Amino acid sequence: MINRTVKSLGLALTLLAASVSLYAKNNVVVIATGGTIAGAGASSTNSATYTAAKVPVDALINAVPQIKDLANVSGVQALQIASESITDKELLSLARQVNDLVKKPSVNGIVITHGSDTLEETAFFLNLVIHTDKPIVLVGSMRPSTALSADGPLNLYSAVALASSDEAKNKGVLVLMNDSIFAARDVTKGINIHTNAFVSQWGALGTVVEKKPYWFRNTLKRHTTSSEFNIEHIKGDQLPVVQIVYGSDSMIPDAYVAYAKAGTKAIVNAGTGNGSVASYIVPTLKQLHDEQGIQIIRSSRVAQGFVLRNAEQPDDKYGWVAAHDLNPQKARLLAALALTKTTDANEIQRMFWQY
Ligand code: GLU
């Protein structure tokens with residue numbers, strides 16, 4: 001009799017614990033960095049002329065009280081700037097803050113509010129250096145918080161929903177914009193004026209509708225827990241210098257030479273078409289590579305497709321690297337991280353295939 005009572009008490013306790021954990025809210029930290037989502041204009045009809053990075057994190061959170069139904073939300077003001085002004089210093093400091101937070105057992109997910117201009121860079125960098133399976137979601141907006149039909153509040157609501165979802169674990173760093181869920185490695189800002197600004201040539205991973213994520217694909221590339229890069233092994237507040245030169249017709253070689261003089265360790269050539277290099281530019285790049293050890297990374301100014309190794313230029317012969325499908329700004333970050341580990345172009349090429 002006593003035995004049976006103890007057993008049913010145990011069962012009741014187990015059921016109670018299960019239902020508490022079913023309904024317990026996850027803890028999500030919103031890290032604010034500035035951007036349009038924290039922007040303010042002179043009037044509600046100023047949707048494009050405004051000052052970015054004005055509204056503090058608590059006001060951002062309080063403006064969307066519905067997110068408190070999704071998760072226990074706390075805020076951290078990491079930066080308050082327009083994202084085009086982010087440098088290695090801010091990027092590394094942000095990565096270290098995110099790393100400290102994801103290591104806390106009490107934190108289940110992270111949302112980072114960010115200017116849309118370089119949101120894709122920060123997302124990709126974190127995707128490469130943070131070792132966690134907890135959701136990290138970057139979110140921004142295209143209209144300032146003061147505008148009619150501001151897109152920030154719903155974006156933030158959906159981002160918190162995503163960051164508190166167990167289904168978002170181990171999918172790499174995610175970007176939530178305009179209801180769509182993107183992988184950090186291939187999302188890019190494709191339109192600079194509309195709310196559907198973010199695109200990926202390989203498509204979104206999924207979409208969030210009324211706080212529920214729906215998933216349609218996954219990335220096959222290495223990220224977060226399977227990355228060989230780790231913010232904990234990067235010292236100081238600067239990455240190896242890597243700069244981008246944009247390709248066009250009628251170029252002069254001076255930009256490449258100037259960057260070399262300024263100490264760049266790699267040049268990402270945002271070439272025409274399939275990462276092409278003009279015949280009259282090739283000797284300069286060969287010289288910088290052969291005589292100064294500067295890595296030449298062939299990316300493309302074309303938003304879609306991917307650069308093929310040994311097509312357009314003999315990469316094997318010259319010791320150059322093809323950026324594969326990474327756009328120039330992402331190729332810049334991967335090259336910088338690669339250079340923290342190696343100066344072997346074959347190794348760097350392997351990294352470009354894998355990430
Ligand atoms: N240029 C600003 C930034 O990237 C505003 C753009 C935006 O957030 O949409 O922070």
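For the chain, modelled as a GNM whose springs connect Cα atoms under 10 angstrom apart, the maximal fluctuation among K265, K221, K211 occurs at K221. Taking other residues whose beta carbon is less than 9 angstrom from the beta carbon of Q354, and scoring Lys, Arg as +1 and Asp, Glu as -1, yields +2. What part of the accessible area of the chain, given as a whole %, is carbon or sulfur when the probe is 1.4 angstrom? The computed percentage sits at 54.
Build a GNM of the chain with springs between Cα atoms under 10 Å apart, and of K189, K25, K235 the one that fluctuates most is K235. Note on R309: accessible area is roughly 60 Å² with a 1.4 Å probe, heavy atoms of protein only.
Positive-end ranking of V277, I267, S83 along the dipole of the chain, with charges on Cβ about the Cα centre, is headed by S83.
Can you give me the relative contact order of region 250-312 as a percent, contacts being Cα pairs under 8 Å and 6 or more apart?
Taking the mean separation of contacting Cα pairs over the length of region 250-312, I get 41 percent.
Running a GNM on the chain with Cα contacts under 10 Å, which residue among S74, S145, S165 ends up with the highest mean-square fluctuation? In this elastic network of the chain, the residue with the biggest mean-square fluctuation among S74, S145, S165 is S74.
Put the Cα centre of region 293-319 next to the Cα centre of region 26-80 and the gap is 40 Å. Averaged per residue, region 164-240 has 50 square angstrom of accessible surface, using a 1.4 angstrom probe with ligands and nucleic acids left out.
Near the amide H of A322, within less than 5 Å, lie the amide hydrogens of R298, all on another chain or at least 5 residues away, with H placed in the peptide plane. Among residues other than I191 with Cβ under 14 Å from its Cβ, the summed charge is -1 (Lys and Arg +1, Asp and Glu -1).
For the peptides 281-291, 113-123, the ranking by mean Cβ contacts within 10 Å, running from highest to lowest, is 113-123, 281-291. For region 85-100, backbone phi angles converted through the Karplus equation (6.51, -1.76, 1.60; θ = phi - 60°) give residue-by-residue couplings of 9, 6, 10, 3, 4, 5, 4, 5, 5, 4, 4, 5, 5, 4, 4, 4 Hz, Gly and Pro being listed as x.
Averaged per residue, region 279-323 has 50 square angstrom of accessible surface, using a 1.4 angstrom probe with ligands and nucleic acids left out.
Toward the positive end of the charge dipole of the chain, with +1 on the Cβ of Lys and Arg and -1 on the Cβ of Asp and Glu, the farthest Cα among G190, T219, V107 is that of V107. Shown in residue order for region 27-37 are the 3J(HN,Hα) couplings computed by the Karplus curve 6.51 cos²θ - 1.76 cosθ + 1.60 at θ = phi - 60°: 9, 10, 9, 9, 9, 9, 10, x, x, 5, 4 Hz (x for Gly and Pro).
Simple point charges give the picture: +1 on the Cβ of Lys and Arg, -1 on the Cβ of Asp and Glu, and for the chain a dipole about the Cα centre of about 960 debye. For N26, the residues 5 or more places off, or on other chains, whose built amide H falls under 5 Å of its own are N72. About its Cα centre, the dipole of region 55-179 is roughly 360 debye, where the only charges are +1 on Lys and Arg Cβ and -1 on Asp and Glu Cβ.
The values are calculated or read from the model by the stated rules, or taken from the named source; none is laboratory data. Computed from a predicted model, the values in this text were never measured in an experiment. When we count neighbours, we look across all protein chains shown, and the Cβ atoms used for this are built from the backbone with ideal geometry, even at glycine. In case anyone asks, the SASA skips ligands and DNA or RNA and just uses the protein heavy atoms, side chains included. Shrake-Rupley method; radii C 1.70, N 1.55, O 1.52, S 1.80 Å.
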